[in-house]
Amino acid sequence: MIRDAYNFDCYRWSIENVGLDLLTHSESFRQWRSATDEKPFHSHVYYELLFASADDSAEFFLEDRQVTLNHNAFVIVSPYLTHRAMPGRGGELFSLGFLFRPNHRKTPAGQDLYRLFCEVFPGSGCIVGKGDETLAGLCRQLKRYSGAQNSLDEGSLVAAFLLVLFHVMGLVRAGSGETLLPLPGPSCPRSGRPGQDARIPSDIASQINNILSESFMTDVTPEELSARYYISARQINRYISKQYGQTFMQRKHELRMDYAQKLLLESDDTIREISEKVGFHSLNSFYSAFKTHFGQTPHSYRTGRGRKGPKAPPGKA
């Protein structure tokens, strides 16, 4: 089990030729209406399975419509679909995340499980279906293993999660489900893309800022953070653009240049050492980037401000 900074528990499992990430979080096993009344429209990079097991109906919203989830109803939400859900007053709404991918393991003919996953789960839109008491019982069983403290509990949780997932797949294949696609329009983005109203939670935004401030000299990318926090790289870039008026890579480059400027003025490091400290693998690339950013070379910048810098040993710039 992997716990990431977004407070997801991620259980990675392989079955036949499918690799699965099974995701649970603080709201997976019960969402209370009082806690989610103001929950905004959002999207994420994983599939979400919502299951309403309470007697009181829950509500599921796309940007262009609203769907009532009666007792034992379920929704499979595809990645990047803008949506929100509101539990009924009875207050039990399960929310489970998952991702699937091929693991390139050879399987006998007719046992292509990855293809089955692709056939059942929509690449866009969502499936709204009618569950049964078996699904309700499996979700209650899964709930008992939440907060697993040891390997045995983790194994039981994964087994229960898989039973829920495969039972839902069986219901969909049996015809218990209607696929809903969002209608393209000014207020509804095309499926397959995050919604314009999708927002990054404040704690994740803070962590992204911290990573940029502390790790800008590394090769960190929006795609790497997307995989870590289960939000899209496009959302991350949109947040950075709104916050700083720059793309993620432009912001990272500016932080590198600012740190290089500081080291040139305040340290005795050679220019080659500074180049390496701010994340450049080539001294020539550092010279070119610095001159483009400040209008002069690192050497001219250092000496022009009364700093001659240390005398470089032979073979070092």
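Numerical summary
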quantity: Taking K291, K106, K252 and counting other C-beta atoms within 10 Å, the order from fewest to most; calculated: K106, K291, K252
quantity: Gain on full stretching of the segment that runs from N70 to W13 - 0.36 nm per residue minus C-alpha separation; calculated: 17.4 nm
quantity: Linear extension gain, M249 paired with R115, 0.36 nm per residue minus alpha-carbon span; calculated: 44.6 nm
quantity: Pairwise FRET efficiency - R140 versus R89, Cβ, R0 = 22 Å, nearest 0.05; calculated: 0.65
quantity: Ordering of 263-274, 65-76 by burial proxy (mean other Cβ atoms within 10 Å per residue, highest first); calculated: 65-76, 263-274
quantity: Mean Cβ count within 10 Å, highest first, over the residues of peptides 10-22, 169-181; calculated: 10-22, 169-181
quantity: Ordering of 159-165, 115-121, 292-298 by packing [mean C-beta count within 10 Å, highest first]; calculated: 159-165, 115-121, 292-298
quantity: FRET efficiency for A174 and T107, using Cβ-Cβ distance with R0 set to 30 Å, rounded to 0.05; calculated: 0.80
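Readers should treat all values here as calculations from the given coordinates under stated rules, not as data from a laboratory. These numbers were taken from a predicted model, which means no experiment stands behind them. Counting neighbours? That spans all protein chains shown, and the Cβs are built from the backbone with ideal geometry, glycine included.
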